[in-house]
Amino acid sequence: MNIAFWQVLEKYKPSQQLSKKEIVLLLNANVGSESQALFALADQVRQQYHGPAVHLRGIIEFSNYCKNDCCYCGLRCSNQNIERYRLLASEVVAAAHQVIMMGFNTIVLQSGEDPWYDAATICEILLQIKRDSNVAITLSIGERTKEEYRLMYQAGADRFLLKHETADQQLFNKLRPGTSFEKRLICLQSLRAVGFQVGSGNMVGLPGQTVATLAADILLLKQLDVEMAGIGPFIPHPQTPLAQVPPGDLQLTLKTLAVARLALPLAHLPATTAAATLHPQGRQMALACGANVIMPNVTPLKFRKLYQIYPGKAGSTENPLESLNKTRDLIRVTGREIATGRGDSLKKYFR
Ligand code: SAM
Ligand code: SF4
């Protein structure tokens with residue numbers, strides 16, 4: 001029996017920070033009773049702070065153009081084997097209105113890093129969506145200047161998702177040529193400074209990553225004091241340099257998610273599409289070990305097959321309503337309920 005593991009679980013308190021050593025011990029939980037106990041505790045903490053509600057964030061993938069060349073992503077600019085698309089600003093607004101009509105309280109606007117949408121265009125989209133709705137808007141469009149982030153925040157964006165991808169600085173710089181870990185952190189600090197609710201996160205299963213790296217990921221998320229953390233498995237894409245790397249391990253992903261829940265009791269943690277892509281029950285499993293958010297894909301059907309960051313992406317053949325209905329069914333089956341509010345930061349209630 002791994003006594004040290006059980007001691008960490010027993011003395012866990014949401015108000016006390018876990019050390020790197022403790023996080024590593026938890027991430028090394030065996031597949032039997034240790035993982036079960038870890039998942040049960042994460043589920044309990046999720047229930048204590050977030051209750052049974054699952055927040056739905058409808059994600060619109062509005063452009064698959066990208067100027068970057070990330071070694072893990074199918075949208076990388078070197079991939080010639082992909083049909084590129086862009087929604088006009090008016091099409092993004094129309095898609096957003098449809099999503100609002102479907103009852104979503106949060107819309108996530110995501111794209112490759114596509115400078116075709118300058119700050120003025122993004123702001124115009126935000127202003128138009130916000131003109132007659134109080135829907136929360138999350139942007140996930142990559143790195144911009146602090147001034148651009150400020151303009152977008154002022155135009156009505158509430159949240160920004162920019163994953164740190166890996167806390168291993170060398171690995172980050174290697175996997176994201178032309179960008180740097182240092183700049184990523186500066187962007188995350190800028191987002192915080194201009195007022196955004198900040199989301200970050202990492203992939204599990206990148207080549208060269210260790211359990212210690214995952215512990216560093218969790219500690220970085222804690223240090224950034226994120227409102228949201230997206231933690232999902234890496235899935236290889238055939239048209240990338242990482243084509244031959246095996247996918248991230250689902251169990252390790254779930255353990256990372258569960259430990260993130262212990263370390264960040266207030267954060268919103270999605271049950272990711274990547275987990276659902278690895279395993280048909282991936283989202284349900286994630287909901288049972290700390291997750292409290294699902295991001296159904298509400299991209300118009302004709303585009304979503306083209307937003308292939310990795311192959312076999314769950315939901316690629318559904319239309320927005322089918323994706324929503326499937327998500328509703330899934331939540332019902334797990335005995336949870338759909339949240340009615342926007343799912344803003346919980347910090348104001350607990351600090
Ligand atoms: N371009 C923006 C950015 O990089 O922040 C947003 C879009 S990007 C496609 C969104 C996320 O997809 C990234 O943060 C990354 O974690 C994830 N992603 C990319 N390739 C992936 C892969 N092969 N497996 C799993 N997740 C991947
Ligand atoms: Fe572009 Fe984002 Fe993919 Fe990197 S992860 S290639 S920035 S879409």
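Each of 109, 145, 188 was placed along the dipole of region 106-216 (beta-carbon charges, centred on the mean Cα), and the one lying farthest toward the positive end is 188. Using 0.36 nm per residue, how much length does the chain from residue 145 to residue 13 gain when fully extended, once their Cα-Cα distance is taken away? Roughly 43.7 nm would be gained on extension.
Over 15 Å, how big is the tail of the calculated P(r) for region 144-218, in percent of all Cα pairs? Before the final figure, lay out the partial values.
Values: 1550 of 2775 pairs.
For region 144-218, the share of Cα pairs beyond 15 Å comes to 56 percent.
How would region 41-109 be classified by its alpha-carbon gyration tensor: rounded, prolate or oblate, with rounded meaning a/c under 1.5 and the a/b versus b/c comparison settling the rest? Oblate, since a/c reaches 1.5 and b/c is not below a/b. Largest mean-square fluctuation among 201, 312, 74, in a Gaussian network model of the chain whose springs join Cα atoms under 10 Å apart, belongs to 312.
Under 5 Å between amide hydrogens, built in the peptide plane, is the criterion, and for residue 136 it picks out 106, 107 among residues at least 5 positions away or on other chains. What fraction, in whole percent, of alpha-carbon pairs in region 180-302 exceed 20 Å separation? Tail of P(r) above 20 Å: 47 percent of Cα pairs. Need one word for region 52-339: rounded, prolate or oblate. Basis is the Cα gyration tensor (sqrt eigenvalues a ≥ b ≥ c); a/c below 1.5 gives rounded, then a/b vs b/c decides. The shape class here is rounded.
Out of all DSSP beta bridges with both ends in the chain, state the antiparallel percent to the nearest 5. Write down the numbers at each step before the final one.
On the way: 1 of 31 bridges.
Once the DSSP bridges in the chain are tallied, antiparallel ones form about 5 percent.
Spacing of the modelled spin labels on residue 321 and residue 333, each 7 Å from Cα toward Cβ, amounts to 2.2 nm. Shown for region 1-152 is the translational diffusion coefficient from the Stokes-Einstein equation, using the Kirkwood radius over Cα pairs, a temperature of 10 °C and a viscosity of 1.306 mPa s: 83 µm²/s.
Could you give the dipole magnitude of the chain about its Cα centre, charging the beta-carbon of Lys and Arg +1 and that of Asp and Glu -1, in debye to the nearest 20?
380
In the context of the full set of protein chains, region 183-286 has a per residue accessible area of 30 Å² (1.4 Å probe). For the pair region 82-148 and region 1-80, the centres of their Cα atoms are 27 angstrom apart. Judged by the ratio a/c of the largest to the smallest principal axis of the C-alpha gyration tensor, region 167-208 counts as oblate, that ratio being 1.5 or greater while a/b is no larger than b/c.
The values are calculated or read from the model by the stated rules, or taken from the named source; none is laboratory data. Worth saying up front: this structure is predicted, and the values here are computed from it rather than measured. All Cβ positions, glycine included, derive from the backbone under ideal geometry; neighbour counts span all protein chains shown. Note: areas computed on protein heavy atoms with side chains; ligands, DNA, RNA excluded. Shrake-Rupley method; radii C 1.70, N 1.55, O 1.52, S 1.80 Å.
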